[in-house]
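Data block below; observations after.
Every number here is computed from the coordinates shown, using simple stated rules; none is lab data. Keep in mind that this is a model prediction, so the values were computed, not measured. Ideal geometry is used to build each Cβ from the backbone, glycine not excepted, and the neighbour counts take in all protein chains shown.
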Amino acid sequence: MLEIKIPSPGESISEVEIANWFVADGDIVEKEQEIAEIESDKATLTLVADEGGKISIIAQEGDTVAVGSVACTIDTSFAGSAAPSTPKVEAKEEAPKKEVATTAAEPVKASEEYKDVKISPVAKKLMEENQLSVDDVIAGLQRLSKKDIEQVVANKNQASATLAQEEPVARDIDRQKMSNLRKKLSARLVSVKNETAMLTTFNEVDMSSVMQLRKKYQKQFVETHDIKLGFMSFFTKAVSIALKAHPAVNSMIDGDEIITPNYMDVAMAVQTPKGLMVPVIRDTQNMSLADIERELMRLANKARSGKISLDEMTGGTFTITNGGVFGSLLSTPIINPPQSGILGMHNIVERPVAINGKVEIRPMMYIALSYDHRVIDGKDSVGFLVKIKELIENPHRMITMGQDPDSLLLGI
């Protein structure tokens, strides 16, 4: 009988909440199978079966349990056995399976019955590689999980809601318990407002040069680095250079001292199903645009899948948040303590602007810097944003760490 205990998400965390069981009591699980999701006030982790066997659940969903306590047991004598009372999905006689061609390039097929089944690109590729049709997958399911049923119900409800838009809405109230992660986030946001002298300064950036670079070199960039070139890498690189020019923005208060690291660990706010998470990209001052894009993609995927570790979300010296992906025109972002500054990016909108005495339509973005005035003076806060503006509007200056190439060449 193997005991599966609650792991420690971090030194300061003594208890967690059982957020979700992926299996039912009495199920047969395989070795290294994900069996549950646990949530602390700082991160979400998954429990994995160390060995295969029959599972007995001890801690129920919603329970708050101590780190190190037993979440479930696994009877390894059942390893390799079929799951008890496992429902199978049988293919209906009136929907015979279609044969799949022997070549992997053959597109995924589906009978008339399953023609409306939606398939993700990754799943479609995997099905093609293994010469499987939709009918094969449906007929080959061994069991239906709770998540499968919930997804079908959600899809059905969404379709019903679309068809019944004109029907009167019932006066119901949905009440859900706040997760530990959401409660901790709420407390931190309130403490920032109460414990810092937070101000926000604004500027606007002409995105023409960066957009032209992306359009001209995107294909070559992908072929060379196997990842797309986005806006975040430009802003992250610009932030690293601007922080070096204005180190106070990279500082933070520790008791009676002000700490100013000589490195730049830039945190990126990422929206996940569990709420806002802020993974950290280390040493951005030493990274290329491709390095930043790869690391951002890796961390964002881990955050959204709930597999990111506590270490990957701690230790940042500055934060960037991009409300523009949701259509935000302007905002005042809240500082991520103990940091003293956060840069807010926003939606790119074509607006008329004056260029050399003439009105032109340019893709413009408002940027905002929220900062702790106890650490950062107005001169540094404004100078920091101006430096960001200069670098984004003249991205080639990133090669010379923000200096004018002509002045650098002439030594003036």
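Of note:
- Kirkwood Rh, angstrom, the stretch 254-363 [1 / mean 1/r, Cα pairs]: 15.9 Å
- Chain lengthening between Glu204 and Thr314 when straightened (0.36 nm per residue, less Cα-Cα): 36.6 nm
- A P(r) calculated from all alpha carbon pairs of the stretch 184-410, with 5 Å bins opening at zero, reads 1, 7, 13, 19, 20, 18, 12, 6, 3, 1, 0 percent.
- Restricting the calculation to Cα atoms, the stretch 148-270 shows an Rg/Rh of 1.12 when the hydrodynamic-style radius is the Kirkwood one.
- For Val48, distant residues with modelled amide H under 5 Å away: Ile35
- Positive end of the dipole of the stretch 295-412 (Cβ unit charges, origin at the Cα centre): among Ile342, Ser305, Ala368, the Cα lying farthest that way belongs to Ser305.
- When Phe234, Phe202, Phe318 are arranged by Cβ crowding within 10 Å, least crowded first, meaning fewest neighbours, the order is Phe202, Phe234, Phe318.
- Kirkwood-Stokes translational diffusion coefficient of the stretch 2-78, alpha-carbon pairs, 25 °C, 0.890 mPa s, µm²/s: 200 µm²/s
- Pairs of lysine residues in the stretch 224-328 that meet both criteria, 8 or more places apart or on different chains and Cα atoms under 21 Å apart, total 4.
- Sorting Glu223, Glu15 from the fewest to the most surrounding beta carbons within 10 angstrom yields Glu223, Glu15.
- Inter-label distance for Glu129 and Met401, nm, one decimal - labels placed 7 Å from Cα along Cα-to-Cβ: 4.4 nm
- Taking Lys and Arg as +1 and Asp and Glu as -1, the other residues whose beta-carbon sits under 10 Å from that of Val270 total +2.
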